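Have a look at the structure below, then the notes.
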Amino acid sequence: MLSLTKKKYKMQEKTVSEAITYRRSVRVYTEEPIDTEKVKKCLVNASLAPTSSNLQLWEFFHITNKETLSKMADACLGQSAAKTAKQLVVVVARKDLWKKRAKANLDFVEKAYEKEGLSEQELRRKKMAMDYYGKLIPIIYTDFCGILGFIKYIIFQIIGIFKPTYRQTRLSDMRIVAQKSAGLAAENFMISMAAIGYDTCPMEGCDTLRVKRILGLPSGAEINMVISCGIRDDKGVYGPRFRVPFDEVFIATLEAIGSPWEPRARDREVLGNPWVLGAPRS
């Protein structure tokens, strides 16, 4: 069990539920340093997050240099969470690396199934994986100025008239896919940090162009979020946690649902418009 020394007493690693409850967005940190290696281990946990097609279209920049921290604080619009942070982590979505990551998956599959005498089931699994990364992923991700993506989008919409199909094939859709995976990794990181008593604050409010310049990122990379790290000050959490009532966001589908285009009673009540479409259930 991983443990750390904090303010001269030993803290046992929290359970998942305890870490989730403990995690808050901390805006002010103490002067107490944090262990760089422990933060790195939390980033290893980040890399184990679920990811679309296992492409792992992310990168994690771990910033500890004081000069770079100062530049990043300016790029984060002078937020106290950035100015008082002892370290920063920048989560970057890298949709532009899909070819490299698809090849890495192909190489892994080849090695995993390189033994002789594979069973029929193993041969089917190998072929399915090879076709997926060698044929389907290029079809989905290949684009040119958004034109190919739009053509694919129209084709899949037509197919969708006759049967269920994947529809998110535009350039903007694939960017969202990469951003979602990066967000899952960021959450893994922050919960891991909370588990060992370290605090974080995810920041979207930043000059992403300046952040990319500081990190030397190519144009195809996109900033998902900047996460400040440290030990919370007594005034670091600005107020009690607020969440809307759980029954407003929890929808149990124990019975058959009507038309997906029929607005829910809750939507009609909130929006006051009987023609607003209820979100299709999925």
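The values are calculated or read from the model by the stated rules, or taken from the named source; none is laboratory data. Predicted, not measured: the structure shown is a model, and the values here were computed from it. Using ideal geometry, Cβ is built from the backbone for each residue, glycine included, and neighbour counts are taken over all protein chains shown.
Here are a few things to note about the model shown:
- When Leu4 is tested against the conditions (1) at pLDDT 95 or above; (2) in a strand (DSSP E or B), the lone failure is (1).
- Residues that are outside any loop (DSSP other than H, G, I, E, B) and without any contact (Cβ under 8 Å) to a residue 40 or more places away in the chain within the range 11-45 comprise Gln12, Ser17, Thr21, Glu37, Lys40, Val44, listed in sequence order.
- From Thr165, Thr200, residue being of a type outside the set (Lys, Arg), assigned by TED's automatic domain parsing to the domain that holds Leu136 and in contact (Cβ under 8 Å) with a residue 12 or more places away in the chain: Thr200
- Ile159 meets all of the listed conditions (1) farther than 29 Å from Thr64 by Cα; (2) not in a helix (DSSP H, G or I) but one, namely (2).
Residues checked against (1) out of contact with any Pro (no Cβ under 7 Å at 6 or more places or on another chain); (2) modelled with pLDDT under 95; (3) polar (S, T, N, Q):
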site	(1), (2), (3)
Asn188	yes, no, yes
Ile191	yes, no, no
Cys201	yes, no, no
Leu209	yes, no, no
Leu217	yes, no, no
Ile223	yes, no, no
Gly230	yes, no, no
Thr253	yes, yes, yes
Pro260	no, yes, no
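- Here the condition is being touching a helix residue (DSSP H, G or I) at 6+ places or on another chain (Cβ under 8 Å), in the same structural domain as Ser228 (by TED's automatic domain parsing) and touching a residue at least 60 places away in the same chain (Cβ under 8 Å); of Val109, Val91, it holds for Val91 alone.
- Among the residues of the range 80-113, the ones that are surrounded by fewer than 18 Cβ atoms within 10 Å (Cβ to Cβ) and not in a helix (DSSP H, G or I) come to 1 in all.
- Of all residues in the range 57-85, those that are on the phi > 0 side of the Ramachandran plot have Cβ atoms under 9 Å from Cβ atoms of residues that are surrounded by fewer than 22 Cβ atoms within 10 Å (Cβ to Cβ) and in a loop (DSSP other than H, G, I, E, B), 6 or more apart or on another chain, in Leu77/Gly205; Leu77/Cys206; Leu77/Asp207.
- Any chance Ala182 is closer than 25 Å to Arg23 by Cα, in contact with a Leu (Cβ under 6 Å, 6 or more places away or on another chain) and modelled with pLDDT of 95 or more: no
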